[in-house]
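The values are calculated or read from the model by the stated rules, or taken from the named source; none is laboratory data. All values reported here derive from a predicted model rather than from experimental measurement. FYI the Cβ positions are ideal-geometry reconstructions off the backbone, even for glycines, and counts take in every protein chain you see. Accessible surface is based on the protein model in full, side chains and every heavy atom, while ligands, DNA and RNA are left aside. Shrake-Rupley method; radii C 1.70, N 1.55, O 1.52, S 1.80 Å.
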Amino acid sequence: MSNPNPLDLDIARRAPTSQRAQTIAATASAQAIGGHVSLTIDGQPVKVPLGTTILEAAKTIGAHIPTLCHHPDLCVAGVCRICSVEVEGMRTLQAACAFPVTAPIHVHTHTRKVRQARRHIVDLLLSDHYGDCYTCKRNNNCELQSLAQEYAVDFFRFGHPEKPRHTIDTSSYSVVRDLDKCVLCRRCVRTCIDLQEVGTIEVLGRGDQSHIKAFQDKPLGDVVCINCGQCINRCPTGALHAHDDTDEVWAAIDDPKKHVVIQTAPSPRAAIGECFGMPPGTPLTFQLNTALRRAGFDRVFDTNFSADLTIMEEGTELLFRLKKALLLREPAAFPQFTSCSPGWVKYLEHFYPEYIPNLSTAKSPQQMFGAVIKTYYAQKHGIDPKDIVTVALMPCSAKKFECNRPEMDASGFKDVDYGLTTRELARMIRESGIHLPDMPKSDFDQPFGTATGSGVIFGATGGVMEAALRTVLEVVTGKPVEALFENANIQPVRGFEGVRYVELPIDEVGPVPDLFKDHVPHWNFLKGQTLKVAVAHGTANAKKVMEDIKRGGQFSKCHFIEFMGCPGGCLGGGGQPIPTTPEIRKARAAAIYSEDADYQIRKSHENPDVMRIYNEFLTDGPCSHRSHELLHTHYVVRGKYIE
Amino acid sequence: MNSIPTFSSMTPEAGLKKAMELSRPDIIAEISASNLKGRGGAGFPTGVKWNFAASAHADRKYIVCNADEGEPGTFKDRVILQEYADLVFEGMTIAAKAVGAKEGILFLRGEYTYLRPHLEAVLQRRREAKLLGPEVLGAVFPFDIRIFMGAGAYICGEETALIECIEGFRGEPRNRPPFPVNTGFLGRPSVVNNVETLAWAACILQRGADWFKSHGTEKSTGIKIFSVSGDCEKPGIYEFPLGISVLELLKKVGGEHARAVQIGGASGLCVPASEFHRAIAFEDIPTGGSVIVFGPQRDMLEVLHNFLEFFVDESCGQCTPCRLGNRKLLEGVEMLQAGTCSMTYLRELCALGESMQLASKCGLGQSSPSAFLSVVKHFRDELMGRVTLPTHG
């Protein structure tokens, strides 16, 4: 049914070899020779696979080596030098993060030389770091601050800047840059160029004039940036942070005339506990409901509702495209691409605008909910939509850009007023004097109180595809999806493999359900067809798939492809708690999938609240004229070049 | 003085012809036997370098000639390229034969753009003479050389930064290991040699390792080309055997009254008159060939200020110790000049200099504090007069 995906495209990556050669060589030498190597660290014997870095080797015996430019998601840079260690027989200190062990060496991690060098490095960084910790978004979660503490910095040995040298770049709806706090670890650059392969920012200038800049020194709002915020998630200091909307949200909450509703997405709920000292993967969904009401929100809704709605619209769109192509024999744009991830959408608009017709016109769950709240909900409850303020808790910085897209006003108002990141909301909760894990549990508000497991798994890469398949397969075959996949867990689309490809043969078709009867006479055109789907997460992987499609390769034959802008999908989004690492993403995914398994209803088309909106409001069914007005959108050809 | 006697006395292409008769290991054995060490200043044994590249397995290998002569006070490579380009290209071809490379790249310093037409003409002439091309000297040995222009960054003289630059990236040093001989240009084994090293390699093939070893010291064999500048009567290009004492050299160039000599360029050592007996050799004072003479009237702080300004500007900005450390040392010199540097702070700066030497990513940051440290060490009295002493009462 599924085949292991052999995709290994030789696309030239853009990170300088200086930052990649290390990893490549380490892997190559380890693979070539294999085996293990023995070394000592601070006198303790260690045995590690050949090519393991000193840093990794030290971890295995609990020897702590500080790092700053190192990040488990990124290729090695070896630029901050804070991880310097002494290797016997070598004249200079070596960067533990960049030194692959290939011979039996003796390493010392805290000799006088090492301590002095590290302290000097921290002193030097502080001499170039303007700003004080009180006013910093990263106060108490800053790697530079921790290093200063670890190395007992008691005064500014080499001075401290008295005045800012840069203006804060607030031009982007999503990402704010404060270069005065930048320590030039270049994690953002490696994230943008290598992890995401977008390449918005680079190092400009030389020596102590070097700094991180976007193309031609333009503000971030004016360049090819997809707002994914992955750079924020990897910034060790407060040099990068998400645009802060909390003041505006507080103002709305404090205004008695405003009816402030918040929708919460599944990923932040699986991660927000990290901001309150809980281990990653602690879901606090229902505690969060209580906290949000106590903080002053008038209604708390579950984005899962609109995720289910998205599946209905996007799934129907797919079936309509299939009908067009296979039954009517008319041209239809295949593969259909998902459009839930605003980072991915903007990436496509910039880099592959010729494929905009492939993008599902369905809005993202955030935007659908906004439109529904300001129309259906407003009508149902007799509230003037102009008095409604819709807030969305998202794991995402790009959602801030998305809700500000000018076309997102189907309700006659701005569909979603504010997108808050997990980090921003955690701050609001803390400011309300609430310790989130202590909250009693409470449910979501009606009329969107019933959610399905399909909505929850939107948070993980492959989740949208799995949710769509659960519905599409049942609608078409008339048989429960459990007949095909145990417990409706469509395992082949799950996991963290960068690109996944799955084939699903449709042997039999069932009767057309009532909801679609007006549009589809029968499903016979799908009988004997093989549904080909794929999943890609992170724009670097999206690029691989898109290049394959351009070449007319395997992925161009797909019917439906899920793309997520961020590695791991929404759970690894740019608005999530810092740090986000491969381990943390795994823990958050586990929380999301276990929540899915706990739901009574697992499939979007079985959500009674969703069925009700089609009965009461969008009476022509999914992808009808009315739903197109409210729940669908159009895209902008942006291109790679800016004026 | 623009001619180099030894180079002038060589028979054109004799070294290459000899190399064509030898097997690859034999060529490397000859170079190894000569104990030729890198003439760019680092002094890595050339034979060892060639041997690493020769034994690395890869579909392609490269010979890169480092002509990014950027060290302040160095100009010998310019003269070698102007007068003896054939010898350099001959050396590259021999290296290619030795390691099994098909492509050579001459990385030419941006400021030497005016040399390019001449060098291209030499290359063309060599192609026509079948000294380059699909069949070098009629043998099954394809090799050609292209010129890559640097863009004016000092750091690109560092071999891995140079390779990054040719690959089209920002010129910044890589992490080592891996070394270029294994993972160099485009991830392939690459030999990066200085202009002068390659010229000497050609000479060694022609006259033999024993001839080369008859010059110099045991650990620093052979002859070295020096660029002499500063407060002396006869600045210019010289060739001396390695091991020559500073004083001997100064006498030859008319600079024996110097108070100090900077050997090895801005990143080298500042040798005071009291140490003029020391030898210029890899085992004592290593050098890439730059000798800057400071006469009795020179203000050493001014000299230091000049050097550090250079490093602040030329650091690639990648690693913390070099990017910010050089700035702090420069500010320290300015404080010394203004008489506002306390003894405590001066000690801290010296410690910082040591940290930079230890913790910087590449040779630039590791050697940039040398001048500061040696001036503070040797000209303490001169500095003491300017530091702020604690006031009593």
- Go ahead and estimate [θ] at 222 nm for chain B from helices alone: -39,500 (n - 2.57) per DSSP H run with n ≥ 4, summed, over the residue count, rounded to 500. -13500 deg cm²/dmol
- Task: Apply 1/(1 + (r/R0)^6) to the Cβ-Cβ distance of B:GLN297 and B:SER342, taking R0 = 22 Å, and write down the FRET efficiency to the nearest 0.05.
- Result: 0.20
- Message: Taking amide H atoms as placed 1.01 Å from N in the peptide plane, list the residues 5 or more away in sequence, or in a different chain, whose amide H sits under 5 Å from that of A:SER84.
- Response: A:ALA96
- Item | Sequence ranges B:315-328, A:251-264, ranked by mean other-Cβ count within 10 angstrom, highest first | B:315-328, A:251-264
- With a Förster distance of 51 angstrom and the Cβ-Cβ distance between B:ALA279 and B:GLN124, calculated FRET efficiency to the nearest 0.05 equals 0.75
- Query: How about B:LYS18: which aspartates and glutamates have a C-alpha closer than 14 Å to its C-alpha, ignoring those fewer than 8 places off in the same chain?
  - Reply: B:ASP26, B:GLU30, B:GLU90
- Query: Among A:466-476, A:190-200, how do they line up from the highest to the lowest mean number of other beta-carbon atoms within 10 Å?
  - Reply: A:466-476, A:190-200
- Message: Can you work out the Karplus-derived ³J(HN,Hα) for every residue in the stretch B:345-355? Use 6.51 cos²θ - 1.76 cosθ + 1.60 with θ = phi - 60°, whole Hz, and x for glycine or proline.
- Response: 5, 4, 4, 4, 5, 5, 5, 4, x, 5, 4
- Show the residues, 5+ positions off or on another chain, whose built amide H is closer than 5 Å to the amide H of B:GLU239. B:PHE226
- Note on the structure: Length gained if A:ILE61 through A:GLU486 is fully extended, taking 0.36 nm per residue and subtracting the Cα-Cα distance, is 148.9 nm
- Task: Report A:HIS36's accessible area, 1.4 Å probe, all protein chains in place, as a number in Å² to the nearest 10.
- Result: 120 Å²
- Query: In nm, to one decimal, how far is the B:MET149 label point from the B:ASP59 one, both placed 7 Å along Cα→Cβ?
  - Reply: 3.1 nm
- Exposed-site-free run, longest, chain B (rule: GluC sites (Glu not before Pro); DSSP loop; at most 12 other C-beta within 10 Å): B:234-393
- Inter-part distance where the stretch A:614-637 and the stretch B:154-193 are each reduced to a Cα centre, Å: 56 Å
- Query: Distance from the Cα centre of the stretch B:36-61 to that of the stretch B:295-317, in angstrom?
  - Reply: 33 Å
- Task: Sum -39500 (n - 2.57) across every DSSP H segment of at least 4 residues in chain A, then divide by the residue count to get the 222 nm mean residue ellipticity, nearest 500.
- Result: -9500 deg cm²/dmol
- Task: Give me the aspartates and glutamates in straight-line cross-link reach of A:LYS527: C-alpha distance below 14 Å, same-chain residues under 8 apart excluded.
- Result: A:GLU474, A:ASP507, A:GLU508
- Message: Using a 10 Å cut-off around each Cβ of peptide B:155-163, what is the average number of partner chain Cβ atoms that fall inside?
- Response: 1
- Query: Mind checking which lysines have their C-alpha under 27 Å from A:LYS550, skipping anything on the same chain fewer than 8 residues away?
  - Reply: A:LYS323, A:LYS324, A:LYS346, A:LYS363, A:LYS532, A:LYS640
- Long-range amide H contacts for A:CYS396: which residues qualify at under 5 Å (H placed 1.01 Å from N, peptide plane, sequence gap of 5 or more or a different chain)? A:THR422, A:GLY575
- Quickly work out the A:THR530-to-A:TYR134 label distance, labels modelled 7 Å from Cα along the C-beta direction, and quote it in nm with one decimal. 6.7 nm
- Query: Under the definition of partner shielding as Cβ atoms of other protein chains within 10 Å of a residue Cβ, what is the mean value for peptide B:324-334?
  - Reply: 4
- Charge dipole magnitude, Cβ of K and R +1, D and E -1 - the stretch B:223-294, Cα centre, debye nearest 20: 80 debye
- Item | Number of partner chain Cβ atoms within 10 Å, mean per residue of A:122-133 | 3
- Rounded to the nearest 0.05, what FRET efficiency do B:SER214 and B:THR11 give with R0 = 22 Å and r taken as the Cβ-Cβ distance? Could you check? 0.75
- Message: Quick check for me: using +1 on Lys/Arg Cβ and -1 on Asp/Glu Cβ, what's the dipole size of the protein assembly as shown about its Cα centre, in debye to the nearest 20?
- Response: 1480 debye
- Message: Just to be sure I understand: if you take the accessible area of chain A alone plus chain B alone and subtract the pair, with a 1.4 Å probe, what total do you get in Å², rounded to 100?
- Response: 3400 Å²
- Query: Once fully extended, how much extra length lies between A:GLN149 and A:ALA251, figured as 0.36 nm per residue of separation less the alpha-carbon to alpha-carbon distance?
  - Reply: 33.1 nm
- Query: Can you give me the Cα centroid spacing of the stretch A:141-174 and the stretch A:72-108 in angstrom?
  - Reply: 26 Å
- Note on the structure: Among A:LYS218/A:LYS557; B:LYS37/B:LYS361; B:LYS97/B:LYS224; A:LYS400/A:LYS557, the pairs whose Cα-Cα distance exceeds 31 Å are A:LYS218/A:LYS557; A:LYS400/A:LYS557
- Message: Using each residue's phi in the stretch A:132-138, evaluate 6.51 cos²θ - 1.76 cosθ + 1.60 at θ = phi - 60° and report the 3J(HN,Hα) Karplus result to the nearest Hz, with x for Gly and Pro.
- Response: 10, 5, 4, 9, 9, 4, 9
- Task: Tabulate in residue order the Karplus-calculated ³J(HN,Hα) for the stretch A:590-599, using 6.51 cos²θ - 1.76 cosθ + 1.60 with θ = phi - 60°, rounded to whole Hz; enter x for Gly and Pro.
- Result: 4, 4, 5, 5, 6, 5, 4, 4, 7, 6
- Message: Modelling each spin label as a point 7 Å along the Cα-to-Cβ direction, I'd like the A:HIS634/A:ASN615 distance in nm, to one decimal.
- Response: 3.5 nm
